[in-house]
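Okay, structure first, notes after.
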Amino acid sequence: CIDIARLPKETGCFTYDAGFTATASCKSAITYIDGDAGVLLYRGYPIDQLAEKSSFLEVAYLLINGELPDQKQFAAFSHDVTHHTMMHEALKSFLNGFRHDAHPMAMLCGSVASLSAFYHDTLDLNDPEQRRMAAVRLIAKIPTIAAAAYRYSIGWPIRYPRNNLDYVSRFLHMMFEVPSEPLELNPVVAKALDLLFILHADHEQNASTSTVRLVGSTGANPYACVSAGIAALWGPAHGGANEAVLKMLEEIGTPDKVESAIARAKDKESGFRLMGFGHRVYKNFDPRAKIIREMTHKVLGELGVDDPLLEVAMKLEEAALKDDYFVQRKLYPNVDFYSGIIYKALKIPTEMFTVMFAIGRTAGWVAHWLEQQTDPEAKIGRPRQIYTGADTRDYVAIDRR
Ligand code: ACO
């Protein structure tokens with residue numbers, strides 16, 4: 001209940017919407033979600049069609065430009081991305097300054113923000129070509145920085161990007177190749193990773209994308225905006241959930257402990273939630289989770305992985321879908337529930353899971369940032385608040401308090 005007399009005098013119509021559950025902060029033509037029907041469209045194309053037929057780089061082009069590319073346009077875009085994958089040599093000393101056990105998300109966040117210091121001279125936000133180049137640079141360089149952060153954290157020398165490889169294979173090479181043992185790229189692994197990048201590429205005004213837009217609304221440069229997006233993604237209620245899912249499955253340990261985990265998640269006092277369940281917008285099955293679920297089984301089958309954690313995950317899913325608490329609140333497995341299991345099968349370490357999400361989501365972040373730059377209705381984002389503090393009172397000297 002709000003005391004209207006305490007609202008600021010200039011207030012005409014004031015909406016209190018904690019968590020922005022019913023407030024549109026912008027108009028956007030990029031992604032459409034119907035949470036009740038479980039529909040997700042990128043520029044009008046259903047996510048299942050893109051997942052089956054497209055590639056991450058083509059989807060990135062689509063999100064940014066609004067249309068699927070023809071062959072010439074795609075070749076030019078791939079060429080641009082491929083030729084901006086190198087990171088500045090000086091950025092390596094920046095990475096070397098982090099503690100050896102720094103979380104790769106911390107390194108990614110700091111290093112992407114530092115790109116502002118490398119490209120500030122060449123960035124005129126009023127020039128469409130320079131804005132496009134900033135978007136290309138971010139899509140190209142973030143996998144290089146991500147892989148470098150990982151290798152630094154395990155004490156391996158950094159691998160330079162190989163331009164004769166496609167986007168996903170190049171990333172896998174930078175992550176995993178060691179000099180003594182040239183990496184054999186498994187097409188199943190590359191396809192699964194490409195699919196995960198597609199599914200994570202955009203999701204309209206999620207917390208991290210809204211953060212990119214809020215920072216972008218001030219006219220800040222795009223590297224700072226995307227770095228802010230990475231910070232927002234890190235939290236366990238958002239992109240950090242995929243890492244939290246794996247930790248939760250490990251903690252549960254065996255299928256016979258699933259029932260007690262469900263009971264704990266239903267007990268509000270426990271402070272424990274089933275990670276990878278529920279979604280702010282999808283109150284039906286997350287369409288991305290359906291696609292990943294199928295891919296999870298395919299990857300584990302083809303790689304011959306027999307992972308006991310998968311058994312725990314399947315039992316958890318089955319038990320939650322039958323439980324009234326989860327059914328009534330429409331808490332279904334979300335995209336993060338399965339992505340962690342695939343990443344684990346691909347031998348991607350747990351602390352890199354959210355970084356993987358960030359690589360895919362970069363396409364959406366830059367698409368939103370570009371859209372915002374040409375939106376005639378865009379304004380600085382400046383929410384208001386409901387003040388709940390003290391009434392006006394007089395200062396009391398410290399010796400009289
Ligand atoms: N486990 C147990 N209970 C849950 C869970 C869960 N995972 N999620 C929601 N609930 C319960 C809440 O306690 C609440 O119960 P109540 O109505 O009795 O009070 C009800 O369901 C609604 O929950 P809210 O927190 O109000 O839902 P909201 O839409 O604000 O939150 C969120 C969505 C943050 C995703 C939440 O479901 C959650 O914390 N899930 C776990 C973390 C997670 O998987 N995050 C990834 C999101 S997807 C992504 O970022 C790609």
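Only the coordinates and a few stated rules stand behind these numbers; no lab work does. In this text the structure is predicted, and so the values were computed from the model without any measurement. Heads up, the Cβs are rebuilt from the backbone with ideal geometry, glycines too, and the neighbour counts pull from every protein chain shown.
Ranked from largest, the principal axis spans of the Cα set of the range 107-173 equal 41, 26, 14 Å. The residue among GLY364, VAL188, PRO255 whose Cα reaches farthest toward the positive pole of the charge dipole of the chain, with charges on the beta-carbon of Lys, Arg, Asp and Glu, is GLY364. Taking trypsin sites (Lys or Arg not before Pro) across the range 101-200, the ones in a DSSP loop with at most 16 further Cβ atoms lying within 10 angstrom of their Cβ are ARG162. Stokes-Einstein diffusion for the range 153-246 at 4 °C, viscosity 1.567 mPa s, with a Kirkwood radius from C-alpha pairs, works out to 82 µm²/s. Taking amide H as placed 1.01 Å from N in the peptide plane, PHE277 has its amide H under 5 Å from the amide H of ASN334, each at least 5 places away in sequence or on another chain.
Please give the contour-minus-distance gain from ARG400 to ARG280: 0.36 nm per residue of separation, less the Cα-Cα distance, rounded to one decimal in nm. It would help to have the intermediate numbers written out before the result.
Working: separation 120, 0.36 × 120 = 43.20 nm, distance 4.97 nm.
Length gained, ARG400 through ARG280: 38.2 nm.
Full extension of the chain between PHE118 and ASP80 gives 11.8 nm of extra length, using 0.36 nm per residue less the Cα-Cα distance.
When the Kirkwood radius is taken over all Cα pairs of the range 93-242, what Stokes-Einstein diffusion coefficient follows at 37 °C and 0.692 mPa s, in µm²/s?
On the way: Rh = 16.7 Å.
Diffusion coefficient, whole number: 197 µm²/s.
A simple spin-label model places pseudo-atoms 7 Å from Cα toward Cβ; at GLN71 and ALA22 they are separated by 5.3 nm.
What does the net charge come to around ARG137 if you take all other residues with beta carbon closer than 12 Å to its beta carbon, with K and R at +1 and D and E at -1? Please list the in-between numbers first.
Details: positive: ARG131, ARG132, LYS141; negative: ASP80.
Net of charged neighbours comes to +2.
Can you check what the net charge comes to around ASP202, using other residues whose Cβ is under 13 Å from the Cβ of ASP202 (Lys, Arg +1; Asp, Glu -1)? Value of the local net charge: +2.
What range in the chain is the longest one free of GluC sites (Glu not before Pro) that are in a loop by DSSP and have at most 15 other Cβ atoms within 10 angstrom? Please list the in-between numbers first.
Details: sites that count: GLU10, GLU67, GLU184, GLU377.
Result for the longest clean stretch: 185-376.
Taking the Cα centre of the range 46-107 as reference, the dipole from Cβ charges on Lys and Arg (+1) and Asp and Glu (-1) amounts to some 260 debye.
Which whole-number percent is the relative contact order of the chain (Cα, under 8 Å, 6+ apart)?
Details: 521 pairs, mean separation 93.5, N = 401.
So the answer I get is 23 percent.
Between THR218, VAL178, LEU233, the Cα set farthest toward the positive side of the dipole of the range 177-236 (charges on each charged residue's Cβ, about the Cα centre) is that of THR218. Gyration tensor over the Cα atoms of the chain: the corresponding equivalent ellipsoid has semi-axes (square roots of 5 times the eigenvalues, largest first) of 34, 30, 23 Å.
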